[in-house]
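Notes follow once the structure below has been shown.
No value in this document is a laboratory result; all are computed from the given coordinates. This one's a predicted model, so the numbers in the text were calculated from it and none came from an experiment. Cβ: placed from backbone, ideal geometry, glycine included. Neighbour counts: every protein chain shown.
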Ligand SMILES: Nc1ncnc2c1ncn2[C@@H]1O[C@H](COP(=O)(O)OP(=O)(O)OP(=O)(O)O)[C@@H](O)[C@H]1O
Ligand SMILES: [Mg+2]
């Protein structure tokens, strides 16, 4: 056990954080996942007073009086409102972290599509909240490690992490992403597509939570064994009156199809750009899907049809990234650790 390990684990807590567009998860070294909350914040626009964060804030979505604004400080996998992100993360960390002599070191995940400026903004937010040092890890690398893959091997793997704001795809070998790509076609895009469809075809306005519920109940990428239907309530766009409609899983499947083709396309282009030796490993082992978006019914079968490669999902797909970060926390003090070189500190 080296001196750095002793100092860092007795005088402070190392923290892992996955600030997703929809969900924030926090991991404390030695304890595991200590927080899983929706990435939402509610505040009073008149007094600027913080009303709620996490699930309490999400519950207010579409139901709060006009003076209370409910927002997601993350969009498309990156920080879209730095002030609000700072407040939200500050509240989350304060709720789980005990005071220690040294400030914590933090490993945070980043989307493959994030720019240097966006990554710096994330580091600055974490520094402002409490971090002594910030280390970053690309989401697919963390997701693969969290799904139990040994990412340090000289063996090609292809991971697609389908979150709410971004779909991050990477081929991985020797603890590195060899080719990485990202698109914003992910969970939120599917939800928004339902909202647009219902508005256009049924002249009905529905809220984000209703659309998300439709996606989870009857949304599919491959037909269910028997067609599912769902009664949906919304507001008639012609007269503003409440009205009810019935939606079927087959019509939602058609609505989702163009988005699924976009996801299949980015997986295919990532594979095409991957060196041949790694391609053959991927062909043998298949493609791993992680992230909440991978919960969409039949997405593995649909993507297999498009890519003609085995596609599989893991258990706890929403927790793969944070568990991967957790396993990297344990390696922060190992000298010459293969994977730590992929983080950088401010
Ligand atoms: N059963 C389900 N069917 C379809 N989609 C689902 C299901 N359960 C969760 N989701 C979707 O998964 C997404 C959230 O996944 P996840 O928590 O991995 O995203 P995130 O990490 O917050 O986002 P990102 O990584 O893009 O910033 C949401 O869009 C949610 O609606
Ligand atoms: Mg995510």
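Where does each of 298-310, 144-156, 100-112 land if you order them by average Cβ count within 10 Å, highest first?
100-112, 144-156, 298-310
Of the beta bridges DSSP finds with both residues in the chain, what % are antiparallel, to the nearest 5?
70
With label points built 7 Å along Cα→Cβ from the Cα atoms of residue 262 and residue 201, find their separation and express it in nm.
About 1.8 nm separates the two model spin labels.
If you stretched the chain out fully between residue 96 and residue 306, how much longer would it get, using 0.36 nm times the residue separation minus the C-alpha to C-alpha distance?
71.3 nm
What value, in deg cm²/dmol to 500, does the helix sum -39500 (n - 2.57) over DSSP H runs of n ≥ 4 give at 222 nm once divided by the residues of the chain?
Result for the chain, helices only: -11500 deg cm²/dmol.
Quick check on segment 210-321: what does the Kirkwood estimate of hydrodynamic radius come out to from the alpha carbon pairs, in Å?
Mean inverse Cα-Cα distance, inverted, gives 16.0 Å.
Contact order normalised by length for the chain, with contacts defined as Cα pairs under 8 Å and 6 or more residues apart; what percent is it?
19
Provide the gained length on full extension for the span residue 236 to residue 315, in nm with one decimal, where the gain is 0.36 nm per separating residue minus the Cα-Cα distance.
In short, 24.5 nm is gained.
Along each of the three principal axes of the Cα atoms of segment 64-157, give the extent in whole Å, ordering the values from largest to smallest.
54, 36, 25
Describe numerically, in nm with one decimal, the distance between label points set 7 Å from Cα along Cα→Cβ at residue 117 and at residue 31.
3.6
According to a simple spin-label model (label point 7 Å from Cα along Cα-to-Cβ), what is the distance in nm between residue 63 and residue 254?
So the label points at residue 254 and residue 63 sit 3.4 nm apart.
At a Förster radius of 25 Å, what calculated FRET efficiency corresponds to the Cβ-Cβ distance of residue 192 and residue 49, to the nearest 0.05?
For R0 = 25 Å, the calculated efficiency reads 0.25.
What would the Debye formula give as log10 I(q)/I(0) at q = 0.14, 0.15 Å⁻¹ for the alpha-carbon point model of the chain, no solvent?
Once normalised to I(0) and log-transformed, intensities are -1.15, -1.27.
What order do you get for 215-228, 130-143, 71-84, 232-245 when each peptide is scored by the mean count of other beta carbon atoms within 10 Å, highest first?
Averaged packing, sorted descending, gives the order 130-143, 71-84, 215-228, 232-245.
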